[in-house]
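The values are calculated or read from the model by the stated rules, or taken from the named source; none is laboratory data. The shown structure was predicted, so the numbers you read here are calculated from the model rather than taken from an experiment. Because the Cβ atoms are built from the backbone with ideal geometry, glycine has one as well, and the counts that use them run over all protein chains shown.
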Amino acid sequence: MSKIAIASGKGGTGKTLVSTSLAWLLARDGHPIAYVDADVEEPNGHLFLHPELSDCQWYARPIPELIGKTCSGCGECQRFCQFNAIIALPDRVMLFPELCSSCGGCVLACREMALGEKPREIGRIEAGTACAETGHPIRFLAATLDVGEARATPLIGGLLDRIEDPGIVLIDAPPGTSCSVMEIVREVDLVVLVTEPTPFGLHDLVLAVEMTRALGKPVTAVVNRSDLGDDGALRYLEAEQIEVAAEIPFRPELAEAYAHGEIAAAASPELCSLLLPLESRLIAGASS
Amino acid sequence: MKQLVVISGKGGTGKTSVVASLASLAAFEAPVTTADCDVEAANLALLLPGQEIRTEPFFSGRRAMIDPDTCSSCGLCAEQCRANAIHSEDLTVVDPLACEGCGVCALVCPVEAVTFVDNQAGVWMERRTAFGPLIHAALGIAQDNSGKLVAQVREEARIIAEREETDLILVDGPPGIGCPVHASLTGCDLALLVTEPTPSGEHDLERVLELLDHFRVPAAVLINKHDLSPSFTVRIETLASRAGVEVVGKLPFSPEVPRALARGELPLAIEAVAVPLTEAWERITALLSGGIARPLARADALTDSVV
């Protein structure tokens, strides 16, 4: 199995466009492929891949609960918890599930064995297949965080655990450089950073490159809307000796296909040829 | 004092350009305090040049360290660590990028080999700009707790706005609907949702509207690049009207916008954008000064979910 994260510091640079297009291209060319939507706060891959879902499971993480009547109100749990998620009252505890990190320490700290754990639902994980008409269906996996839930990282961990072995796995990551992105990047063999040639794109690209390097992962770049802006991103990538796998110019017909919920590559032979070198690299990476 | 927070759900819809432009429009009347709460990818400062007058460290949480001389290599810590920060290959090394500082390792260690160090997770800064003070921050690479840093930026912005006697705080929010977004919305008067007419824009707007409804935060919608898809613009208008949220304006797509940004100029310099944006700003100020129907009661409940 070869896992690739499609990431970016800045949002809206074209991660989903690139990852759905790559998935479609690889499937069309007969390679076993999975598309995993890990942008759990705002998952969008399904809007373009239109998957047929075969499975939907709620995902839960453990939080503490009082069991039995042995709580003495000693406060060991409260003193232990670094996240202020549990408060000891004279004969019971009060819990703030939103703040709990699911570390399980309060259960270990409790001297009266009064705490157990119960699951708390934070989102759902869906599986299915997409683009069966190409003859080689894409395995589709996506997670969606419940609205109002604060912590995305445990759900992303649960999603990544569900990945089985289909060959090439493309993981559509959330924007940013924090814990939820790192949860993905630490699991992959290659990071494709999608950027745009604006000062914003460059600023966030630098952060994303630093993050991938902190985790010791190889990185390659795709410059989207490459003709709308300046050459700052390209100059930075050259100075850092990061390969530019593709430069995609702005095309109204690409924007239009996308606006109609079509996979951009399926609508644009030009995009297919622009992504060809990256596609070849992923195929080579999967067989080595 | 009023607080306007600009969010979008989907990234890259134009939040930062809109915030900088609104700051410029607001500053015609009086100085305005701006705050960049997209601390993982803070870009507002790129559009608001000025002098940094203060830089403060931001500490959050702690990281475990294991003393190799004391460690008896029993492996209990690695067994109990759910963050996967300690591995059986070398029990004295804690992965600082994975450790959440929960303390389970110290709790189970029979020989007290674990100590903790405070974690500097980033910095926040105060800048003087032509429009008024800007508070922005940089979260360290591979740090979590961005919600806490967002909360700190909001709090510093409030203090500085009071000191400088500005009547408005304009907040550039993060993408998504999770913890940093909750922290950006706490106690705000109005959320301006910048969206775009695409399937992703519509889908993400739907989830953001649901979030705002959950926390009872009043909202308004601004559609960016509306002419890229007239049909999705109609769908977004319908979605907004069903949610009882006003569309305060529609901005056209212009290739001149990224070019202006590349020169460090605001989109306001482009007439096709400046006119509808100025009109939208008039609607927003009207909403801020009292034309809001939806209740604010639960905005404070957000504080509880900031981790």
Can you pull out the residues in the range A:1-57 that are surrounded by fewer than 22 Cβ atoms within 10 Å (Cβ to Cβ) and within 13 Å of the chain's Cα centre (by Cα)?
A:3
Residues located in the range A:234-266, provided they are under 15 Å from residue A:19 (Cα atoms) and of a type in the set (A, V, I, L, M):
A:245, A:246, A:248, A:254, A:263, A:264, A:265, A:266
So, restricting to helices (runs of 4 or more DSSP H) that lie completely within the range A:30-113, which ones have at least 1 residues that are farther than 25 Å from residue A:155 by Cβ and not assigned by TED's automatic domain parsing to the domain that holds residue A:171?
A:76-80, A:105-109
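For the range B:65-79, does any single residue satisfy the condition of being within 26 Å of residue A:211 (Cβ to Cβ) and of a type outside the set (A, V, I, L, M, F, W, C)?
no
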Considering only the range B:119-144, state which residues are touching a helix residue (DSSP H, G or I) at 6+ places or on another chain (Cβ under 8 Å) and assigned to a loop (DSSP other than H, G, I, E, B).
B:130, B:131, B:141, B:142, B:143, B:144
Helices (runs of 4 or more DSSP H) within the range B:1-107 that include 1 or more residues in contact (Cβ under 8 Å) with a residue 24 or more places away in the chain and more than 19 Å from the chain's Cα centre (by Cα)
B:15-27, B:76-80
Of all residues in the range B:98-151, count the ones that are aliphatic (A, V, I, L, M) and within 13 Å of chain A (Cβ to nearest Cβ).
15
Here the qualifying pairs (Cβ atoms under 7 Å; residues six or more apart or on different chains; first in the range B:184-199 and part of a loop (DSSP other than H, G, I, E, B); second of a type in the set (Asp, Glu)) come out as B:187/B:300
For the range A:268-288 the number of residues that are surrounded by fewer than 18 Cβ atoms within 10 Å (Cβ to Cβ) and either closer than 18 Å to residue A:45 by Cβ or acidic (Asp, Glu) (or both) is 1
Please determine, by comparing only the residues of the range B:213-229 that are within 10 Å of chain A (Cβ to nearest Cβ) and in a helix (DSSP H, G or I), which one is farthest from residue B:2 (Cα to Cα).
B:228
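Being within 11 Å of chain B (Cβ to nearest Cβ) and not in a helix (DSSP H, G or I) is the filter; apply it to the range A:196-225 and report the residue that is nearest to residue A:177 (Cα to Cα).
A:215
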Evaluate the following for residue A:183: is it surrounded by fewer than 24 Cβ atoms within 10 Å (Cβ to Cβ), under 28 Å from residue A:287 (Cβ atoms) and at the interface with chain B (Cβ under 10 Å from one of its Cβ atoms)?
yes
Mind checking which residues of the range B:28-47 are closer than 21 Å to residue B:167 by Cα, of a type in the set (A, V, I, L, M, F, W, C) and surrounded by 24 or more Cβ atoms within 10 Å (Cβ to Cβ)?
B:32, B:35, B:37, B:44
(1) at pLDDT 95 or above; (2) in contact with an Asp or Glu (Cβ under 9 Å, 6 or more places away or on another chain); (3) crowded, with 19+ Cβ neighbours inside 10 Å all hold for residue A:254 apart from (1)
Filter the range A:162-212 for residues that are among the small types (Gly, Ala, Ser) and in contact (Cβ under 8 Å) with a residue 12 or more places away in the chain; the one that is nearest to residue A:139 (Cα to Cα) is A:167
Just one of the numbered conditions (1) within 14 Å of another protein chain (Cβ to nearest Cβ); (2) under 14 Å from residue A:107 (Cα atoms) is not true of residue A:44; which one?
(2)
With the requirement that a residue be within 14 Å of chain B (Cβ to nearest Cβ), under 30 Å from residue A:123 (Cβ atoms) and out of contact with any helix residue (DSSP H, G or I) (no Cβ under 6 Å at 6 or more places or on another chain), what does the range A:55-83 give you?
A:62, A:78, A:82
Give me the residue from the range A:145-167 that is surrounded by 23 or more Cβ atoms within 10 Å (Cβ to Cβ) and under 29 Å from residue A:279 (Cβ atoms) and, out of that set, farthest from the other protein chains (Cβ to nearest Cβ).
A:159
Please count how many residues of the range B:232-268 are more than 21 Å from residue B:23 (Cβ to Cβ), in contact (Cβ under 8 Å) with a residue 40 or more places away in the chain and more than 12 Å from chain A (Cβ to nearest Cβ).
3
The range B:49-82, residues that are in contact with a helix residue (DSSP H, G or I) (Cβ under 6 Å, 6 or more places away or on another chain) and either within 16 Å of residue B:138 (Cα to Cα) or away from chain A (no Cβ under 13 Å) (or both)
B:58, B:60
